[in-house]
Each structure stands twice: as C-alpha cells, then as structure tokens.
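Beneath this line is the structure, given in structure tokens, with notes to follow.
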Amino acid sequence: MAGTPELLVDNLFFPEGPRWRADDAGGRLWFSDVLASQIKSVDLDGNLQVIAEVAEKPSGLGWWPDGRFVAVSLDGKLNVIGDDGSVTEVADMQALDGFGCNDCVVDSQRGFSYVGSFQLLDEMQHPSPFNMCRFSNIHLVQPDGSARIAAERMTFPNGAVITPDGSTYIVAESFANRLSAFDIQDDGSLANRRVW
C-alpha cells in the first residue's frame, strides 16, 4: 500500500544532492541548498540545521572512509567541510576541463569521489539543436586530492550512485534521457560504459 507524502521542510531555495546519513539519533538527510549557498541537514521530525556556508554554491555531497565530509561547489572544487563549518579546498576539477561541477558520489570503501562537470545551456531560449549543453565529463578525485577525467562526452551527468557491492557506477545523463553505467576498476577508473 502506498504511503502518503508528508512535508518535511520548506522555504528552500534549490535543494540538491540529498544523502542520508545514519547517526545515534536515527539519522538525518543532508543536502545542499544551492542558491542559499548552504549545506543543511534535517531529521525526520523536520528539525533543520545549517552545516556550512559555501560561498561558491554547494552541490554534491559525500563522506570519505575516514568520516570526513566532502562537498562539491559549482566552481569546480571538492572541499572538506569541517565540524566547525570550515570549507577547505582539496581538489580543483575546473582546472581539468574549464567547466563547473555539480553532483557527486563517494565510494565509501576506497574514497574515490566521482564528480560530474557541466556547461549550461541558455535557459532563456527554447531547447533546440542550437541550444543544448555541450558534452562534459566525470572527474575522479582520489583521497590524496589528485584529480583526473574518468569519463568523457557525458550529457549533463547528475544523480550518480555506486552499487552496494562497490563495483558499478551509475549516472543519469539528464539531457540524453538515460542512465549510464560503468565498471569501477581497482584504481578508480571507469570502464565498459553502457546504458543501464
């Protein structure tokens, strides 16, 4: 039997990148409120907490195996977010392709962070072959902060996940209307691209 949706929190500006994180109190939903330039969390009773202010606008979120919390900012940086709300850059992915970055997923066992880059289309124009976002990339950030391109010619990658066994990376290509999958290699590389 289907449940009835309930409003958990409102008055957000642009929520993105939701991740559930269990804790001693049961857990909280962590997310970026992009246009508010904040990372927030909320429990199942609707208690909202601001975790950090990220001036460059946060998006994708995750945790490294050692428990450190990381967040992507739209300017193409991967940042460690401290318990005190501090923001420390650990990787600059814009240096790889000149694009901004949005969503990410972190391999909780090995610490590989997969981050999608993007180029925006002109939202004031009707979608057409002359107004589509150009191809972008998936970046791989290693736990030591080194970054490289792991997959090219992506069509606005977003909403990525890693299967529970850690073997497959799946990402939505928003403007291609498909989910694409890759096998994750031991060094974090992505192989065997296919439609999921």
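The values are calculated or read from the model by the stated rules, or taken from the named source; none is laboratory data. Note that the structure is predicted; figures quoted are calculated from it, not measured. With ideal geometry, Cβ positions are generated from the backbone for all residues, glycine too; neighbour counts draw on all protein chains shown. Surface areas here come from the heavy atoms of the whole protein model, side chains and all, with no ligands, DNA or RNA. Shrake-Rupley method; radii C 1.70, N 1.55, O 1.52, S 1.80 Å.
Counting 0.36 nm for each residue step from T163 to A191 and taking away their Cα separation leaves a gain of 8.6 nm. Please report the antiparallel percentage of DSSP beta bridges with both residues in the chain, rounded to the nearest 5. Bridges in the chain that DSSP calls antiparallel: roughly 100 percent. The equivalent ellipsoid of the range 138-182 has semi-axes of 19, 15, 7 Å, largest first, where each one is the square root of 5 times an eigenvalue of the Cα gyration tensor. Tell me, what is the FRET efficiency for N11 and Q109 to the nearest 0.05, using R0 = 41 angstrom and their Cβ-Cβ distance as r? Approximately 0.65, to the nearest 0.05. Judged by the mean number of other Cβ atoms found within 10 Å, the most tightly packed of the peptides 185-191, 93-99 leads the ranking 93-99, 185-191.
Computed over protein heavy atoms with a 1.4 Å probe, the carbon and sulfur contribution to the accessible area of the chain reaches 52%.
For the chain, the relative contact order comes to 11 percent (Cα pairs under 8 Å, sequence separation of at least 6).
Taken along its principal axes, the alpha carbon cloud of the chain reaches lengths of 44, 42, 42 Å, longest axis first.
Here r is the Cβ-Cβ distance between T4 and S146 and R0 is 45 Å; the resulting FRET efficiency, rounded to 0.05, is 0.45.
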